[in-house]
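Step one of this worksheet: look at the structure below.
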Amino acid sequence: LPLWRAAAVITKVLKTIEAYQMLSPDSAVVAGVSGGADSMALLHVLQSWRKDWPELKVTAAHVNHCLRGAEADRDERFVKELCGRMGVPLTVVHEKVGSYAADHGLSTEEAGRILRYRHLKETAEKYGCAKIAVAHHEDDDAETVLLNLFRGSGLPGLSGIRPVRAEIIRPLLCVSRKEIEEYLTSREHSWCE
């Protein structure tokens, strides 16, 4: 991928941040970072914007769901090493998502989502962050619309994922998973599968 295309991805994301007034030059934001391509791109883009906005404070949060054994531990180590190299403060928690799901009669996915957002909000409070950035992208948005359509949702459900909901921001909604992977590859940034 030519570097100009990678720069175009960053430009699209930054235009989305500006269009929805997600952040300001002196914002403090915590990014949910799993180690996957989406969250790695989110973290790299937020950090890249610190060149223009040096007062922007970026913090990361990682949840080990304790579901995938050694793979989950590998992802945690990867995120710790990357945040250490980038100088990004990181909080990590271990959550027994399977037990939480069983105790509360939830699916594993729903339990994981609840615990992730709980941890993100706690981390935001700990570091004085007014914003929480998550890495939903264009493909997630399309999938959400289709799922809501199949469930028989009305018009509100067909609108998809909102770019901003209270303190939650989704700067990557303007780019596809393919663009995210191309961006990371062109910049020689790695991620966990």
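Just so it is clear, none of the values below were taken in a lab; they were calculated from the coordinates. Source: prediction; values computed, not measured. Positions of Cβ are generated from backbone atoms using ideal geometry, with glycine treated the same way; all protein chains shown enter the neighbour counts.
Stretched out fully, how many nm does the piece from E81 to D52 gain, at 0.36 nm a residue minus the Cα gap?
So the extension gain works out to 8.0 nm.
Ranked highest first by average number of other Cβ atoms within 10 Å, how do 104-117, 38-51 line up?
The peptides rank, most packed first, as 38-51, 104-117.
When you count, for each residue, the other Cβ atoms within 10 Å and take the mean per peptide, how do 181-191, 59-69 rank with the highest first?
Result, highest mean first: 59-69, 181-191.
Can you tell me which of 77-86, 21-30 comes out highest on packing, and rank the rest after it, using the mean Cβ neighbours within 10 Å?
Ranked from most to least packed, the peptides come out as 21-30, 77-86.
How much length would be gained if the chain were fully extended between R165 and Q21, taking 0.36 nm per residue of separation minus their Cα-Cα distance, in nm to one decimal?
Result: 50.7 nm gained on full extension.
Starting from the Cα-Cα distance between D103 and D73, subtract it from 0.36 nm times their residue separation and give me the gain in nm to one decimal.
Length gained, D103 through D73: 8.4 nm.
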